[in-house]
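Have a look at the structure below, then the notes.
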Amino acid sequence: MSTVVYTADDGSVTTIEGRPGDSVMEPAVRNGVPGIVGECGGSLSCATCHVFVAPETQALVGGPGDLEDEMLDGTAVDRRDNSRLSCQITLADGCEYHVTTPSGQL
Amino acid sequence: METTLIVGACQAGVQLAATLRDLGDTDPIVMIGEEAHRPYQRPPLSKGWLKGELEPDDVVLRTRQWFADREIALIAGDRVVTIHRESNGTGIAQTLGGRQIAFTRLALTTGAAVRRLALPGTDYRGVHYLRDADDAIALGPALAEPGAERVVVIGGGFIGLEAASAARQLGKHVTIVEGTGRLIGRVVAEPTSDFYLAAHRRRGTEVLLGARLARILGEDASAAGRRGSVTGVELEDGRVIPADLVVIGIGVLPRVELAVQLGLEVAGGIVVDEACRTSDGRTVAAGDCAIMPNPYPAGVGGMVRIESVNNALEQAKVAAATLLGRDAAYVSVPWFWSDQADLKLQIAGLSTGYDDVVVRGDPDAEKFAVLYYRDGRLIAADCVNQPAEFLAIKQALSKGKTIPSLAAADTGVPLKQSVVDAPVALAS
């Protein structure tokens with residue numbers, strides 16, 4: 001399994017176990033973690049699963065792909081250097097991921 | 001204490017329950033769905049699922065724990081057949097499985113049922129529809145069979161095109177049979193239809209337009225009574241297209257039976273107002289089953305029934321607030337997506353009532369947008385492989401802004417920079 005630690009804009013922390021192969025978005029939506037919407041279900045269509053990747057997780061996930069990079073220009077809260085769409089981050093077995101969610105997604 | 005009964009356990013129903021809890025409702029919620037599965041996402045069924053890329057847990061909307069934590073009682077695999085409602089609003093729903101569910105608040109998120117083809121031959125083995133999880137569970141392995149070389153898709157709408165794309169990507173010989181003169185004609189303008197025709201043909205799919213179907217052909221049943229397998233389809237002009245597998249995607253019909261039984265107004269769907277209230281003033285309806293006044297404030301009247309995830313979610317949020325007696329109205333900009341092969345279509349707004357279109361970029365490059373205007377004001381856009389432009393347009397529409405058509409045609413300037421205030425408000 002993998003672990004994802006979601007920190008909301010208000011500082012509240014939710015830790016969820018995810019299956020390897022899931023995206024960072026999926027366990028959040030299935031478990032109702034606030035701060036991630038994922039309206040399109042992970043098909044890179046809606047830009048409502050925007051997250052900021054923590055420094056210690058950066059090396060694990062790398063940067064966005066081309067389409068994702070384009071979509072990050074249109075997120076509800078402006079992108080930063082560590083922005084990713086969480087549906088595009090695939091969980092690897094045995095790893096721990098730390099992300100912060102923005103104040104809004106819509 | 002109130003008890004909310006939500007009839008229909010899919011995207012809209014789950015969101016409605018979630019929003020009730022988010023808004024602080026702690027009273028009992030019962031959600032019932034006729035499918036035996038836990039509530040799931042439909043969009044992947046015609047995309048990744050058919051290509052064997054997904055498993056059931058990938059498409060589930062919420063975990064069991066989510067329902068338990070929120071004390072939302074989920075009944076899967078049973079169907080409400082009758083609802084009796086007293087004049088004071090309380091009522092009892094009777095299910096096929098013999099359950100009696102008492103309620104004080106009622107939400108209909110009954111969705112839509114696949115439209116059946118009214119022609120001979122639909123019962124041959126190898127003839128599939130694609131709407132529910134069970135359809136996808138049957139179609140996935142059927143497509144993976146090596147013997148299923150030739151696939152005929154009946155219907156050139158989104159489901160048909162997505163199924164055709166998946167089949168083609170699996171290496172099948174695919175023919176799309178569309179009865180009208182163009183693809184996705186109900187939703188998009190000609191430039192977008194023309195693009196998808198060319199794009200599917202470029203990828204090796206045959207597309208027949210204006211092709212009127214006469215019947216589906218198959219083998220006789222065996223002596224043992226086993227149904228015969230499909231062998232092809234026959235058009236009205238006598239042409240026969242051989243097929244090992246036929247997928248029918250000719251749209252859906254809103255599920256209005258219970259609304260009719262309750263005496264609610266029904267006209268192309270369960271009629272609701274902008275607060276998702278039905279004609280009795282207390283029952284709410286949301287999602288594919290509901291038809292509402294055009295929500296997009298661009299001066300276009302009429303009623304619209306929108307089949308999309310976004311609409312199911314937005315209406316459900318509004319319906320939940322309405323059930324709790326709060327003021328709520330549908331204000332968001334509808335949007336939709338379709339993934340076919342490597343083509344990402346994103347549609348923002350509703351093009352109903354457009355009087356002009358602007359094509360931005362080169363469709364042959366498979367990266368372009370079609371912007372729809374009414375009285376000089378932007379109302380919608382189809383964006384192909386242009387996610388940044390899509391988001392810019394969606395944001396502009398949601399703020400009541402527009403993009404002048406001259407600027408829209410200029411690909412040298414990102415659309416985001418061409419957004420301006422709408423010059424005049426349109427009369428409603």
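The values are calculated or read from the model by the stated rules, or taken from the named source; none is laboratory data. Because the structure is a prediction, the values reported are computed rather than measured. With ideal geometry, Cβ positions are generated from the backbone for all residues, glycine too; neighbour counts draw on all protein chains shown. Surface accessibility is based on the protein's heavy atoms, side chains included, excluding ligands, DNA and RNA. Shrake-Rupley method; radii C 1.70, N 1.55, O 1.52, S 1.80 Å.
One table, with the values for the structure above:
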item: Computed over the range B:342-421: relative contact order in percent, which uses C-alpha pairs under 8 Å that are six or more apart; result: 28 percent
item: Long-range amide H partners of B:VAL252 with built H, under 5 Å; result: B:ARG115
item: Residues losing 10 Å² or more accessible surface upon assembly, the range B:323-371, compared with the chain by itself, 1.4 Å; result: B:TRP335, B:TRP337, B:ASP339, B:LYS344, B:GLN346, B:LYS367
item: Cα gyration tensor, the protein assembly as shown - rounded (a/c under 1.5), prolate or oblate; result: rounded
item: Shielding score for B:386-398, defined as the mean number of other chain Cβ atoms within 10 Å; result: 4
item: FRET efficiency for B:ASP362 and B:LYS401, using Cβ-Cβ distance with R0 set to 22 Å, rounded to 0.05; result: 0.30
item: Residue-normalised accessible area of the range B:119-218, expressed per residue, 1.4 Å probe, Å²; result: 39 Å²
item: Surface per residue (accessible, 1.4 Å probe) for the range B:342-421, Å²; result: 39 Å²
item: Cα gyration tensor category, rounded, prolate or oblate, for the range B:1-44 with a/c compared to 1.5; result: oblate
item: Among B:ARG150, B:ARG277, B:ARG215, residue whose mean-square fluctuation peaks in a GNM of chain B (springs only between Cα atoms under 10 Å); result: B:ARG215
item: Percent accessible area from carbon and sulfur atoms, the protein assembly as shown, protein chains only, probe 1.4 Å; result: 49 percent
item: A versus B: buried accessible surface, summed, Å² (probe 1.4 Å, to nearest 100); result: 1900 Å²
item: Accessible surface of B:ASP421 - all protein chains present, 1.4 Å probe, nearest 10 Å²; result: 110 Å²
item: Net length gained if the chain between B:ARG326 and B:SER87 were fully extended (0.36 nm per residue, minus Cα distance); result: 83.9 nm
item: Relative contact order (%) - the range B:127-248, alpha-carbon pairs under 8 angstrom, separation at least six; result: 30 percent
item: Extension reserve of the B:ASP69-B:LYS51 stretch, reckoned as 0.36 nm per residue once the Cα distance is removed; result: 3.1 nm
item: Entries of B:LYS47/B:LYS172; B:LYS394/B:LYS416; B:LYS47/B:LYS367; B:LYS344/B:LYS394; B:LYS344/B:LYS367; B:LYS47/B:LYS394 with Cα pairs more than 18 Å apart; result: B:LYS47/B:LYS367; B:LYS47/B:LYS394
item: Under Karplus coefficients 6.51, -1.76 and 1.60, residue-wise ³J(HN,Hα) of the range B:59-70 in Hz, glycine/proline x; result: 9, 5, 6, 9, 6, 4, 4, 4, 5, 5, 4, 9
item: Hz values of 3J(HN,Hα) by residue in the range B:166-176 - Karplus curve (6.51, -1.76, 1.60), Gly and Pro given as x; result: 4, 5, 5, 5, 7, x, 7, 8, 10, 10, 9
item: Approximate spin-label separation A:THR90-B:ASP134, in nm, with each point projected 7 Å along Cα-to-Cβ; result: 3.3 nm
item: Relative contact order of the range B:180-248, pairs being alpha-carbon contacts under 8 Å that are 6 or more residues apart, as %; result: 22 percent
item: For the range B:402-415, 3J(HN,Hα) per residue [Karplus equation, 6.51 cos²θ - 1.76 cosθ + 1.60, θ = phi - 60°, Hz, x = Gly/Pro]; result: 9, 10, x, 5, 5, 5, 4, 7, 8, 6, x, 10, x, 4
item: The range B:127-248 shape via C-alpha gyration tensor axes, a/c threshold 1.5; result: prolate
